[in-house]
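Following: one structure in structure tokens, then a few remarks.
The values are calculated or read from the model by the stated rules, or taken from the named source; none is laboratory data. Note that the structure is a prediction, hence the values are computed from the model and not measured. Because the Cβ atoms are built from the backbone with ideal geometry, glycine has one as well, and the counts that use them run over all protein chains shown. Side chains included, ligands, DNA and RNA excluded: accessible areas come from the protein's heavy atoms. Shrake-Rupley method; radii C 1.70, N 1.55, O 1.52, S 1.80 Å.
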Amino acid sequence: MTLADIPAEIGLFPLSGIVLLPHGKLPLNVFEPRYIALVEDALASHRLIGIIQPDIHTSEQLTGQATIPLYKTGCVGRIISFAEKPDNTFVITLRGIIRFRTLRETQPYRNYRCARIDASGFAGDLSEVSSAPFDRKKLLTALRYYLSKKNINVRWSAIEQMEDDILLITLPMICPFPPAEKQALLDAATLSERINLLHRLLDLTGL
């Protein structure tokens, strides 16, 4: 895809504690009526959905506001697989295409939120998956320690078989960091910045 393929306005799927990174894959069970409508509309057009987090911290500071504020940065995801279940809900998988900045929210459509977006500042996301030098062994050691503290079991064989570039996309998405920390990983300007932040979040220096 090119920048020209990214629509100026997109339907939004706000999810707290979940981010989609470019080239990453995100499976979702879609059961709420407004998001079923969003998936239906996306399938009927460009198959693109904007994944973005609610800004819970800001919303706590704003009283009397009916609509929860959203972070400014999200990621356009393309539906690469879907199945409609007998109860008319969906199971879909999104592939991250490019990050975007929200310019302004527009009129909701079929009860889901929509926004004018600008993805031009993230044109590099459309390139092939990149990597950057990092200490893989040290990162995985930190990950083991972090997940053990959280009492989370994972398939280590699958993680150990991941290529470096896929690992650096997958870990920020699957680790149960708080929403603000997830957002910081999404906002990272460069891959090196994301790696350094990931190291800090896994408490690497404390090992």
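If you check I52, I92, I97, I79, which single one turns out to be surrounded by 16 or more Cβ atoms within 10 Å (Cβ to Cβ), in contact with a Gly (Cβ under 6 Å, 6 or more places away or on another chain) and modelled with pLDDT of 95 or more?
Numbers: I92 fails: in contact with a Gly (Cβ under 6 Å, 6 or more places away or on another chain); I97 fails: in contact with a Gly (Cβ under 6 Å, 6 or more places away or on another chain); I79 fails: in contact with a Gly (Cβ under 6 Å, 6 or more places away or on another chain).
Among I52, I92, I97, I79, only I52 is surrounded by 16 or more Cβ atoms within 10 Å (Cβ to Cβ), in contact with a Gly (Cβ under 6 Å, 6 or more places away or on another chain) and modelled with pLDDT of 95 or more.
Which condition number does E193 fail, the rest of (1) surrounded by 13 or more Cβ atoms within 10 Å (Cβ to Cβ); (2) under 26 Å from P14 (Cβ atoms); (3) in contact (Cβ under 8 Å) with a residue 12 or more places away in the chain; (4) of a type outside the set (K, R) being met?
Failed condition: (3).
Can you give me the number of residues within the stretch 197-207 that are exposed (fewer than 15 other Cβ atoms within 10 Å of the Cβ) and without any contact (Cβ under 8 Å) to a residue 40 or more places away in the chain?
Our first condition is that a residue be exposed (fewer than 15 other Cβ atoms within 10 Å of the Cβ); within the stretch 197-207, this holds for 200, 203, 205-207.
Narrowing the set further to residues that are without any contact (Cβ under 8 Å) to a residue 40 or more places away in the chain leaves 200, 205-206.
Summing the residues that are exposed (fewer than 15 other Cβ atoms within 10 Å of the Cβ) and without any contact (Cβ under 8 Å) to a residue 40 or more places away in the chain in the stretch 197-207 gives 3.
Determine, yes or no, whether R110 is basic (K, R) and under 21 Å from V19 (Cβ atoms).
The answer is no for R110.
Would the stretch 4-14 turn up any residue that is more than 19 Å from A115 (Cα to Cα), surrounded by 15 or more Cβ atoms within 10 Å (Cβ to Cβ) and of a type in the set (A, V, I, L, M)? Before the answer, list the steps.
Here is the first cut: in the stretch 4-14, the ones more than 19 Å from A115 (Cα to Cα) are none.
No, every residue in the stretch 4-14 fails to be more than 19 Å from A115 (Cα to Cα), surrounded by 15 or more Cβ atoms within 10 Å (Cβ to Cβ) and of a type in the set (A, V, I, L, M).
Of everything in the stretch 146-189, what is closer than 17 Å to F134 by Cβ, open to solvent by less than 60 Å² (accessible area, probe 1.4 Å) and without any contact (Cβ under 8 Å) to a residue 24 or more places away in the chain? Give them in sequence order.
Across the stretch 146-189, the qualifying residues are I159, M162, A188.
Looking at the stretch 132-145, which of its residues are open to solvent by 60 Å² or more (accessible area, probe 1.4 Å) and either in contact (Cβ under 8 Å) with a residue 24 or more places away in the chain or in contact with a strand residue (DSSP E or B) (Cβ under 9 Å, 6 or more places away or on another chain) (or both)?
Here is the first cut: in the stretch 132-145, the ones open to solvent by 60 Å² or more (accessible area, probe 1.4 Å) are 133, 135, 137-138, 141, 144-145.
Scanning the stretch 132-145 gives K138, T141, Y145.
Given the criterion farther than 19 Å from R110 by Cα and either over 17 Å from the mean Cα position of the chain (by Cα) or in a strand (DSSP E or B) (or both), identify the matching residue among L20, L12, L94. So that I can check it myself, show each step before the final result.
Working: L20 fails: either over 17 Å from the mean Cα position of the chain (by Cα) or in a strand (DSSP E or B) (or both); L12 fails: farther than 19 Å from R110 by Cα.
Matching residue, one of L20, L12, L94: L94.
Quick check on the stretch 27-53: of everything there that is touching a helix residue (DSSP H, G or I) at 6+ places or on another chain (Cβ under 7 Å) and among the aliphatic types (A, V, I, L, M), which residue is nearest to I80 (Cα to Cα)? Break it down into steps so the answer makes sense when it comes.
Within the stretch 27-53, the subset touching a helix residue (DSSP H, G or I) at 6+ places or on another chain (Cβ under 7 Å) is 30, 48-49, 53.
When the remaining residues are screened for being among the aliphatic types (A, V, I, L, M), the result is 30, 48-49.
Details: V30: 15, L48: 10, I49: 11 Å.
That would be L48.
What helices (runs of 4 or more DSSP H) lie completely within the stretch 136-207 and have 2 or more residues being at pLDDT 90 or above and among the acidic types (D, E)? Walk me through it before giving the result.
Working: elements: 136-149, 156-160, 164-174, 179-187, 191-201.
Output list reads 164-174, 179-187.
For Q107, are the conditions met, namely being loosely packed, with under 14 Cβ neighbours inside 10 Å and either free of Cβ contacts under 8 Å to residues at least 24 places away in the same chain or not in a strand (DSSP E or B) (or both)? If you could, list the steps in order and put the result at the bottom.
Numbers: loosely packed, with under 14 Cβ neighbours inside 10 Å: yes; either free of Cβ contacts under 8 Å to residues at least 24 places away in the same chain or not in a strand (DSSP E or B) (or both): yes.
When the stated conditions are applied, Q107 passes them.
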